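Everything on this sheet refers to the single structure shown next.
The values are calculated or read from the model by the stated rules, or taken from the named source; none is laboratory data. Bear in mind that the values here come from a model prediction, so they are computed numbers and not experimental data. Ideal geometry is used to build each Cβ from the backbone, glycine not excepted, and the neighbour counts take in all protein chains shown. Areas reflect the complete protein model, heavy atoms only, side chains present, ligands, DNA and RNA absent. Shrake-Rupley method; radii C 1.70, N 1.55, O 1.52, S 1.80 Å.
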Amino acid sequence: MITYDAVVLGLGVMGSAVLRSAAARGLRVLGIDRHHPPHALGSSHGRARMIREAYFEHPLYVPLVRHAYELWERLERESGTSLLRITGGAFIGNEDSGLVSGALESSRLHGIPVDVVDGAELGRIFPAFAQQPGVRAVLERRAGYLSPDRCVRALLDRAEESGAERRIEEVFGWEIDGSREGGRLRVTTDGGEYLTDSLVLAAGPWLPSLAAGQRLPLTVERVVQAAFAPNRPTDYRQESLPVFAWEFEPDRVFYGFPAIDGAVKVGLHHGTPVPDPDSASRDVSTAETAEIRTLVRKFLPGADGPLVEADICFYTKTPDGHFLIDRLPGLEQVLLVSSCSGHGFKFAPAIGELVADLLTDGTGGFDISPFSLSRFEGG
Ligand SMILES: Cc1cc2nc3c(=O)[nH]c(=O)nc-3n(C[C@H](O)[C@H](O)[C@H](O)COP(=O)(O)OP(=O)(O)OC[C@H]3O[C@@H](n4cnc5c(N)ncnc54)[C@H](O)[C@@H]3O)c2cc1C
C-alpha cells in the first residue's frame, strides 16, 4: 500500500488549495472528495465570492488577503483563466456599525485607500443603490469577486500538474495505524484504505463529524443565495455597481454583486443552524426568497426583477466568527482547515500555502495562533 505524505479530505476550495500547495512543495499527496469537484453540494459554489482588502471582521486578515490577491493573480496567469474581477467595493451601514467602523480600522492600520461618503452621495455615484438617510459607505477600490468553479478547477488542475492524486470516494473515517503516537494514519473510504503521515481535514460543514469523536466548537448554518434579473440592467453592470455589504441592522448584513451573466447575486450573511448538512433541505422556500426580495426592493430597487436562481450553501462557523486552523489536540499530524465562518473563500490559496508550511514543518510568514482551537478552551 502506498503511504502518502498527506491525504486531503475534501476538495472544496480549501482542500483544493492545500492539495495544490502541498503538491507544489514536492509532497506525495492524495485528495479525496465524495463528489466530483467543483460541485454545488458544499460551500464553494455559486456565481461569485467577494474579495476585499479593508477587512471589517479584523485587521489581522489584511496581510493574509493581500497574499491571497497575489496568489489568485498568479493562478490566473498560470492557468490562463480569468478568476478575479475587480469592481471596487461599498461597505455600508451606520457610522458606528461593525461593518463601517471595522473597514475603516483596517484601512487606517494598513494604509488601504478608501473614500467615505454618505447615503445621498452613494446613491449619486451608484444609482443602483436606494438612497438611505443616515448611512455611511466606505468605498474600497481593490474589492471584487472570484468565480468559484473556475477557482476550484484551476487549483485542482495545478495540483495534478504537480503530481497530486485525486479520488472520488466517500471517507468513512480514519484512525491511528497501530499504537504509535505521532504515527501514521489509516483513512478508510468506500473505495479502499490509504496510509498517510498527515491528514488535512478540509471537509467544510462535514468537518465536525470527521474529527474522530472530538467535539469541535462549530455550528453549521444553511444559507440561501439568490440571483435576480435587474429591471434596470445598466445600473447593475460590472462597470456601474461595486460588490457591496450593507449592515442594515446590528449584525444583520445584506450583500451582493453586480450582474454576472445577466443576474445580480444577493444574500444575507447569516443562516439557520442545522445539526447535519446531509439532512438540511436543499429546496429554497418561497418565504426564503421573499425575505431576500424584500431587501432587494429596499436597497437595490432596480434589481427587483424575475428570480433567476436560488440555492443553498453552508457556513461552518466558530463562536467568534473567526477561522479555525489548527492541529487536532493530541494528534499533531491531523490539521483542521476549513472552518472559515462564511468568509473564507477569498483566502484559500494563502491558507493552502500556510497549511503546506505546516505540513513541511516550516514556520511560514503568518502567525496562525489567532485561529487556534485553544482560544475556545474554558469558554
Ligand atoms: C452563500 C455563501 C456565500 C459566501 N460568500 C463568500 C464570499 O463572498 N467571500 C468569501 O471569502 N467567502 C464566502 N463564503 C465562504 C466560503 O465560500 C467558504 O468558506 C468556503 O467555500 C469553504 O470551502 P471548504 O473547502 O472549506 O468547504 P466545502 O466547499 O464545503 O468543501 C468540503 C468538501 O468536503 C467533501 N466531503 C465532506 N465529507 C466528505 C467525506 N466523508 N468524504 C469525502 N469528501 C467529503 C465535500 O463533498 C466537499 O466537497 C460564502 C459561503 C456561502 C455558503
Contact order relative to length of the chain, as percent, for alpha carbon pairs under 8 angstrom and 6 or more apart: 23
So for the chain, what percent of the C-alpha to C-alpha distances run longer than 32 Å? 32
Just to confirm the filter: which GluC sites (Glu not before Pro) across segment 235-311 are DSSP coil and have at most 12 other Cβ within 10 angstrom of their Cβ? GLU239
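May I ask for the net charge around ARG293, where only other residues with Cβ less than 15 Å from the Cβ of ARG293 are counted and Lys, Arg are +1 while Asp, Glu are -1?
Value of the local net charge: -1.
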In whole Hz, with x marking every Gly and Pro, tabulate ³J(HN,Hα) for segment 70-84 from phi via Karplus 6.51 cos²θ - 1.76 cosθ + 1.60, θ = phi - 60°. 4, 6, 5, 5, 5, 5, 4, 5, 5, 8, x, 10, 7, 10, 10
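So if each residue of separation counts as 0.36 nm, and I subtract the Cα-Cα distance between ILE176 and HIS110, what length gain in nm does that give?
Full extension from ILE176 to HIS110 adds 19.4 nm.
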Residue-averaged [θ]222 nm for the chain, counting only DSSP H segments that reach four residues, each worth -39500 (n - 2.57): -7500 deg cm²/dmol
Sulfur and carbon atoms: percent of accessible area, the chain [1.4 Å]: 47
Using the Cα centre of segment 25-136 as origin and beta-carbon charges of +1 (Lys, Arg) and -1 (Asp, Glu), tell me which of VAL135, LEU109, HIS45 is placed farthest towards the positive end of the dipole. HIS45
Per residue and in Å³, how big is the convex hull formed by the alpha-carbon atoms of segment 53-98? 71
5 Å binning of all Cα-Cα separations within segment 194-248, expressed as whole percents from 0 upward: 4, 11, 13, 14, 11, 9, 9, 11, 9, 7, 3, 0
Of all DSSP beta bridges with both partners in the chain, the antiparallel percent, nearest 5, is 70
Can you list the HN-Hα couplings for segment 49-60, worked out from phi with the Karplus curve (6.51, -1.76, 1.60; θ = phi - 60°), rounded to whole Hz and with x for Gly and Pro? 10, 6, 10, 8, 9, 7, 6, 6, 5, 4, x, 5
What translational diffusion coefficient, to the nearest whole µm²/s, does segment 131-214 have by Stokes-Einstein, given a Kirkwood radius computed over alpha-carbon pairs, a temperature of 4 °C and 1.567 mPa s viscosity? 76
Please return the longest stretch of the chain lacking exposed loop sites, where trypsin sites (Lys or Arg not before Pro) count only if DSSP places them in a loop and at most 12 other Cβ atoms lie within 10 Å. 1-179
For segment 237-305, the Debye formula with one identical point scatterer on each Cα and no solvent gives log10 I(q)/I(0) at q = 0.11, 0.13 Å⁻¹ as -0.32, -0.44
What is segment 30-123 by shape, rounded, prolate or oblate, if you read a ≥ b ≥ c off the alpha carbon gyration tensor as root eigenvalues and call it rounded for a/c under 1.5, prolate for a/b larger than b/c, and oblate otherwise? prolate
Hey, what's the Kirkwood Rh for segment 185-317 if you take every pair of different alpha carbons, in angstrom? 17.1
Mean shadow area of segment 241-375 over all directions, Cα convex hull, nm²: 10.9
FRET efficiency, 1/(1 + (r/R0)^6) with R0 22 Å, evaluated for ASP320 and ASP251 via beta carbons: 0.95
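Report the extension gain between HIS58 and ARG74 in nm, rounded to one decimal, defined as 0.36 nm multiplied by the number of residues separating them, less their alpha carbon distance.
Length gained between HIS58 and ARG74: 3.2 nm.
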